[in-house]
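Structure first, commentary second.
Read-outs: derived from the displayed coordinates by stated rules, not from any lab. As the structure is a computational prediction, the values presented were derived from the model and not from experiment. All Cβ positions, even for glycine, are placed from backbone atoms using ideal geometry, and neighbour counts span all protein chains on display.
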């Protein structure tokens, strides 16, 4: 995006902490208020809906952004801002922006996908009525094969389930023994009754073969810990929440691994989800602390390569199959 701002100031202001929610748009908004200082009070007082409306417009402004455009973005009416967005349904966009969005702006591509989805009746209805809109919800919805973006499936999915995917869960069913993916999505996409949809998903899960293998002793840097005495010792010294898994470990439906890489370590819980198989349920650091994203990605990748994808992959499938 090119910025055309004619001003006497030569210094460059680096966006600070207060501009962090604007992410990739922070530099543009900084340039706007430098060119039009009178807009700063309006910018400081905007609400979440206005923040995302501004970001939505900026994501579609491929040409130069001028101070005059900046004035409309920050101080103009919502209808005026929506004129910068190539959509035949501006009212739909305005209604979607009234839903709950994250406290920081989404990725530019997410806003562009959002507008494309609003052109589809079923996806638009879902987005206008959902409680939550995020990068993942929009990208997952956009990633669904068009035949799966029908009213039946849209009604059957809630935002939390959608955020963890649906077509990914269907692909996993295929990998576990369900019919060919193209055949499966055609069948699922042809169902028009929500109860029948949930029933069919339950049938597919019930026809899967029972898992016969237990998770291996070693997965890259992760070693399996089996003995209750070892689990209790680990709970005392590293993660007291591990003791909560002990019953399932003894029942043979959960396995605990310790991932060690130099000074870094984490505990990993792998759990069996019925006929769907084994999945990586949880990864935690010392005292149940969250893991930094790069390390978490590496661990998840290692377990996925070994045949244990994150449990989020099947949250939607499990929820639908258990609600019959």
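Listed values, structure above:
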{"item": "Cα gyration tensor shape for the range 141-243, rounded if a/c is under 1.5, else prolate or oblate", "result": "prolate"}
{"item": "Theoretical gain in end-to-end length, residue 253 to residue 289 [0.36 nm per residue, Cα-Cα removed]", "result": "10.6 nm"}
{"item": "Spacing of the two label points (7 Å from each Cα toward its C-beta) at residue 125 and residue 40, in nm", "result": "4.9 nm"}
{"item": "The range 8-83, relative contact order [Cα under 8 Å, separation at least 6], %", "result": "32 percent"}
{"item": "For 64, 312, order by how many other beta-carbon atoms lie within 10 Å, fewest first", "result": "64, 312"}
{"item": "Linear extension gain, residue 64 paired with residue 246, 0.36 nm per residue minus alpha-carbon span", "result": "59.5 nm"}
{"item": "Per-peptide average of other Cβ atoms within 10 Å, ordering 186-193, 313-320 highest first", "result": "313-320, 186-193"}
{"item": "Mean separation of Cα contacts under 8 Å (6+ apart) over length of the range 102-156, as relative contact order %", "result": "42 percent"}
{"item": "Net length gained if the chain between residue 47 and residue 175 were fully extended (0.36 nm per residue, minus Cα distance)", "result": "41.6 nm"}
{"item": "Exposure proxy order (Cβ contacts within 10 Å, fewest to most) of 263, 131", "result": "263, 131"}
{"item": "Mean separation of Cα contacts under 8 Å (6+ apart) over length of the chain, as relative contact order %", "result": "13 percent"}
{"item": "log10 of Debye I(q)/I(0), alpha-carbon scatterers only, for the range 17-102 at 0.15, 0.23, 0.25 Å⁻¹", "result": "-0.51, -1.24, -1.46"}
{"item": "Two-site FRET efficiency, residue 183 against residue 116, from Cβ-Cβ distance with R₀ of 30 Å, rounded to 0.05", "result": "0.65"}
{"item": "Centroid-to-centroid separation of the range 206-264 and the range 289-324 [C-alpha atoms, Å]", "result": "15 Å"}
{"item": "Inter-label distance for residue 98 and residue 227, nm, one decimal - labels placed 7 Å from Cα along Cα-to-Cβ", "result": "6.3 nm"}
{"item": "Most to least packed among 302-310, 286-294 [average Cβ atoms within 10 Å]", "result": "302-310, 286-294"}
{"item": "Likely footprinting exposure, 83, 213, fewest C-beta neighbours within 10 Å first", "result": "213, 83"}
{"item": "Approximate spin-label separation residue 237-residue 77, in nm, with each point projected 7 Å along Cα-to-Cβ", "result": "6.9 nm"}
{"item": "For the chain, calculated [θ]222 nm from helices alone, where every DSSP H run of n ≥ 4 adds -39500 (n - 2.57)", "result": "-13500 deg cm²/dmol"}
